[in-house]
Amino acid sequence: MIIDVPEEEIVGRFLAENVMRKRLSWFERAQLVKEDIERGIGVEEIKKKYFVTTGHVYKYWRTLGHASSKLMKEGEIQKLSMNDAEVLTSLNAEGQEIVVEHMKEDNLGPDQIKALVKKAKTLEQSGNLSKATLRSSLRDLDKALSEARTLLKLRRLHWALGPGNLKRLLAMPEMKLALKKEDVDYSEFTQIIQTMEAR
């Protein structure tokens with residue numbers, strides 16, 4: 001079928017046809033939507049053109065509009081899922097870059113983005129967001145979680161065995177050896193037991 005269309009519509013129609021034929025990534029689709037919005041094309045027309053909802057049009061526009069230009073150039077944004085990119089771009093450009101650098105340095109996966117962004121926002125509100133403060137804050141959090149897990153394990157043993165039996169169990173050389181193999185500092189256990197007995 002041959003139709004006569006204005007020259008400025010040719011590229012748009014060509015891209016729309018490609019959208020129908022090829023499964024585009026969220027990032028490719030978002031770029032097309034962003035370009036159309038910048039050219040003044042309305043949301044309703046964009047929805048029909050790319051077969052997306054109004055919510056997606058605004059999500060694409062907002063995510064790419066707030067994305068760090070550095071991370072866009074380096075291809076970091078397009079590596080993420082749509083939802084992870086949206087979470088990351090809720091931070092300012094500097095915050096986004098700090099989070100991505102931290103993830104790369106510590107070999108963290110995208111499943112850590114929400115927690116990192118939440119922590120970064122807390123630090124940002126207090127005016128202390130930097131790579132060093134984020135790392136320090138996460139280290140403190142990890143240490144607190146580790147201590148809580150150790151205490152929880154001991155409490156479970158305490159409830160299951162009873163205080164007298166647990167004390168005898170921890171006095172056994174085999175138990176001390178097992179704890180050392182698991183890299184558990186035995187002194188922590190004895191201190192916790194004394195604390196629990198004092199209560």
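The values are calculated or read from the model by the stated rules, or taken from the named source; none is laboratory data. This structure is a prediction, so every number in the text was calculated from the model and none was measured. Neighbour counts run over all protein chains shown; Cβ positions are idealised from the backbone, glycine included. Surface areas here come from the heavy atoms of the whole protein model, side chains and all, with no ligands, DNA or RNA. Shrake-Rupley method; radii C 1.70, N 1.55, O 1.52, S 1.80 Å.
Among all the lysines, which ones have a C-alpha under 22 Å from LYS180's C-alpha, if same-chain residues fewer than 8 places away are not counted?
Within reach: LYS143, LYS153, LYS167.
Among LEU108, TYR50, VAL87, flag the residue with its Cα farthest along the positive direction of the charge dipole of the stretch 33-132, charges on Cβ as +1 for Lys/Arg and -1 for Asp/Glu.
Value: TYR50.
How many percent of the accessible area of the stretch 40-159 is carbon or sulfur, using a 1.4 Å probe?
53
Mind listing which GluC sites (Glu not before Pro) in the stretch 31-104 are in a DSSP loop and have 12 or fewer other Cβ atoms within 10 Å?
Within the stretch 31-104, no GluC sites (Glu not before Pro) qualify (loop, at most 12 other Cβ atoms within 10 Å).
Taking a threshold of 30 Å on the Cα-Cα distance, which of the pairs LYS47/LYS104; LYS48/LYS119; LYS48/LYS118; LYS70/LYS121 fall above it?
Violating the 30 Å Cα-Cα cut-off are LYS47/LYS104; LYS48/LYS119; LYS48/LYS118.
Per residue, how large is the accessible surface of the stretch 19-125? Use a 1.4 angstrom probe and give square angstrom.
With all protein chains present, the stretch 19-125 gives 57 Å² per residue.
What does the net charge come to around PRO110 if you take all other residues with beta carbon closer than 9 Å to its beta carbon, with K and R at +1 and D and E at -1?
Its environment carries a net charge of -1.
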